[in-house]
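Data first, discussion second: the structure below is written as structure tokens.
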Amino acid sequence: MTPGLKNSSILELNNLEVHFDVSDPIVTRILSRSPRKYVKAVNDIDFSVARGATFSLVGESGCGKSTLARCVAGLISPTKGDISFNGSSITGKKARDRNSILRRMQMIFQDPYSSLDPRWRVGDIIAEPVRSMKVYDSRQEIIDRVDELLVQVGLNPRDKNKYPHEFSGGQRQRISIARSLSVAPEFLICDEPTSALDVSVQAQILNLMSELQEALDLTLLFISHDLAVIDHVSDRIGVMYLGRLCEIASKRELFETPRHPYTRMLIETIPDVRGRKRDRKPIEGEVPNPLDPPPGCVFHQRCPLANERCKREVPVLITKDGSQIACHAAEEGRG
Amino acid sequence: MLMKPETEVGSHRHLLTSVRRVLDSDVAHSFFASPATVLAALVTLLFVFMAVFAPVLTSYTPFNPSTLDLMDSFIPPVWDANGDPSHLLGTDDQGRDVLAAIMYGTRISLIVGLCSVLLSLLIGVPLGIVSGYFGGWIDSVVMRIADIQLTIPPILIALMIDGVTRTVLAGNLHETAAIPVLILSIGIASWPQYARVVRSGTLVERNKDYIAAAHMAQSPPYRIMIGHILPNVIGPTLVIATIGVAVAIIIEATLSFLGVGVPPTSPSLGTLIRIGNDYVFSGEWWISLFPCLALVMLVLAVNLIGDWLRDTFNPKLR
């Protein structure tokens, strides 16, 4: 697989923006003469995901990575920009056109407790996509498929008669994976699939996903805030901060030679067992309010390399040596 | 149901295990730990039994005027010196046996109570789910109508609907349609509370990931609402509905007491109380008192069960 070639990318995002209207009710707005308010959850996102690879998005809570994932999945419609899947645009598609897309693109959710309907039997949960999309004609085919999927994710076919509350968090996430795989998709969006699990269970789920990716030739869009998890699964990584991408690079490059100041800070925070007393630089300040983002580079208030230009001018992603970075300092060669 | 789980279940063995599981559940334990609830359940069962088997339990037919004898009127209860052993709780002004009339009256009260709550649920639950699920202007319209209706006491709404049907349906027709009209007016009068509870439940469930997963599965909105949201919000609604039955019985009794409910020829508990009310001061207290006691016991028992259900199924109170 050669990442970077145009024809091999399965997903491409162009200038994607998602804004949420969080204005007060119209009466309050008129009375207090306040303007409409928007949260700019996702801004100016451009990247592509190579077929068969794992693209990860990493960032702090609230940086817009889950919003981006839901937008790609079609659960939220973008305010601006375009998503193309397998070379054709999927934004603003009608429901019946989405059917063919969703048979090839599925999603795994973060919370294994709220992502399974507590009133449904596991077999029905897993079969929901194939039933709704009418993938099979007979009931027996659906039952066989459910059995096959349960075995594939390391559960027992007999489990299909149980209810979700009879399973542990890790097992529930396996059920969730089985559901997403039921329509045999080629692209899987994983929205922090392990962050609600114990560390030991996390490893099992991650290994299962790697195995399935290998066996089923899946492409993953993986969202996480955990750099250790990202390191485990990714081929390419995009670092997000306050709704914008700061840096996109291959895993090796990102971890060995991080170039964006924010990426460096993130990597600084990875706990390390061996290094005894490392002099860590804690990240200063807090993430700004997305309702009122700072002008210029959104990171400039916390950035050690910030100068006047950073306060005025929004940096754009520029390609440099195979990776992309949005930083004036890196562009100018400062720091 | 539309999304009836299609997984096969070995029904017989499952039935036994589920009976055992029910008896061993937290709910059963909390039920038997509360003597008031057990008593209330027994009283309710007694009333239901009385209502269902009224024709077997008594040979009197209080709804058939031709079997009544005015010579039997105003017989006091059996323990009174003038009592008659064949009329345990005495008779009323028409010579109707009070006990038999209570049995048949309970029947009407229970039918009206249950059916009107059912009607409220049939109106309120779908409206609540739809307005919670879609939000926006549908939600605003439905909920403002509910708000407006909540400002008017249910009795007044029921009186109005009853009055309208009274003018629309002519004399005799109205008498035969009295019970359906009562059910309709009480049912329409009390849907907003169910719509509200269901809507707030829907707002919570709608944002859970399993709904997002259902969207990813291409399940159409009606199937998400019926298959996913309804089963998850119906629990608290049914608990309220239990108390709603007691309220509906009271409303029915009030309407009948006011004389706009069921006709005196087929008296409900409320009608019996009204009939007896005229004779309280002339010394024939039993005509009014026993239907009153029956009504109070029935409503109290249903209410206690409702309270217990609410406490048991509300995790915040546990």
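Throughout, read-outs are computed from the coordinates displayed, never taken from laboratory work. Being a predicted model, the structure only gives us computed values, none of them experimental. Here Cβ is always computed from backbone atoms with ideal geometry, including for glycine, and neighbour counts include all displayed protein chains.
Where the centre of each part is set by its Cα atoms, how far does region B:242-318 sit from region A:241-261, in angstrom?
Measuring centre to centre over Cα atoms gives 72 Å.
Summing Lys, Arg as +1 and Asp, Glu as -1, what charge do residues with Cβ under 15 Å from the Cβ of A:SER114 carry, A:SER114 excluded?
0
Please report, in cubic angstrom per residue, the volume enclosed by the convex hull of the alpha-carbon atoms of region B:204-299.
Residue-normalised Cα hull volume stands at 122 Å³.
With a Förster radius of 45 Å, plug the Cβ-Cβ distance of B:GLU175 and B:TRP79 into 1/(1 + (r/R0)^6) and report the FRET value to the nearest 0.05.
E between B:GLU175 and B:TRP79, to the nearest 0.05, is 0.80.
Of all DSSP beta bridges located in the protein assembly as shown, what percent are antiparallel, nearest 5?
The antiparallel proportion sits near 60 percent.
Exceeding 32 Å between C-alpha atoms, which entries from my cross-link table qualify? They are A:LYS37/A:LYS320; A:LYS160/B:LYS208; A:LYS37/A:LYS251; A:LYS40/A:LYS134.
Cα-Cα > 32 Å for A:LYS37/A:LYS320; A:LYS37/A:LYS251; A:LYS40/A:LYS134; rest within.
Mean residue ellipticity at 222 nm from the helices of chain B, using -39,500 (n - 2.57) per DSSP H segment of n ≥ 4 over the full residue count, to the nearest 500 deg cm²/dmol?
When only DSSP H runs of four or more count, the value is -22500 deg cm²/dmol.
Starting from the coordinates of the alpha-carbon atoms of chain A, obtain the Kirkwood hydrodynamic radius over all distinct pairs and give the value in Å to one decimal.
21.4 Å
Go ahead and run the numbers for FRET between B:VAL56 and B:THR167, Cβ-Cβ distance against an R0 of 35 Å, rounding to 0.05.
So, using R0 = 35 Å, E works out to roughly 0.35.
Which of the DSSP-defined H helices in chain A satisfy a minimum axial length of 24 Å, computed from C-alpha atoms, and a minimum mean Kyte-Doolittle hydropathy of 0.0?
TM-like helix candidates: A:199-216.
Give, rounded to the nearest 20 debye, the magnitude of the charge dipole that region A:189-335 has about its Cα centre when Lys and Arg contribute +1 at Cβ and Asp and Glu contribute -1 at Cβ.
So the magnitude is around 740 debye.
One quarter of the convex hull surface, Cα atoms only: what value does that give for region A:1-142 in nm²?
That works out to 12.5 nm², a quarter of the Cα hull's surface.
From the square roots a ≥ b ≥ c of the eigenvalues of the alpha-carbon gyration tensor of region B:89-176, which class results: rounded (a/c under 1.5), prolate (a/b over b/c), or oblate?
Prolate, since a/c reaches 1.5 and a/b exceeds b/c.
Past the 34 angstrom mark, what percentage of all C-alpha to C-alpha distances in the protein assembly as shown do you count?
So the pairs more than 34 Å apart make up 59 percent of the total in the protein assembly as shown.
Are there any helices in chain B, counted as whole DSSP H runs, that stretch 24 Å or more along their axis by Cα and score at least 1.0 on average by Kyte-Doolittle, and if so which?
Within chain B the helices that satisfy the rule are B:35-52, B:98-134, B:230-258, B:286-313.
What is chain A's relative contact order, in percent, from Cα pairs under 8 angstrom and six or more apart in sequence?
RCO, chain A: 19 percent.
Could you tell me how far the Cα centroid of region B:177-230 sits from the Cα centroid of region B:13-79, in Å?
Result: 32 Å between the Cα centres.
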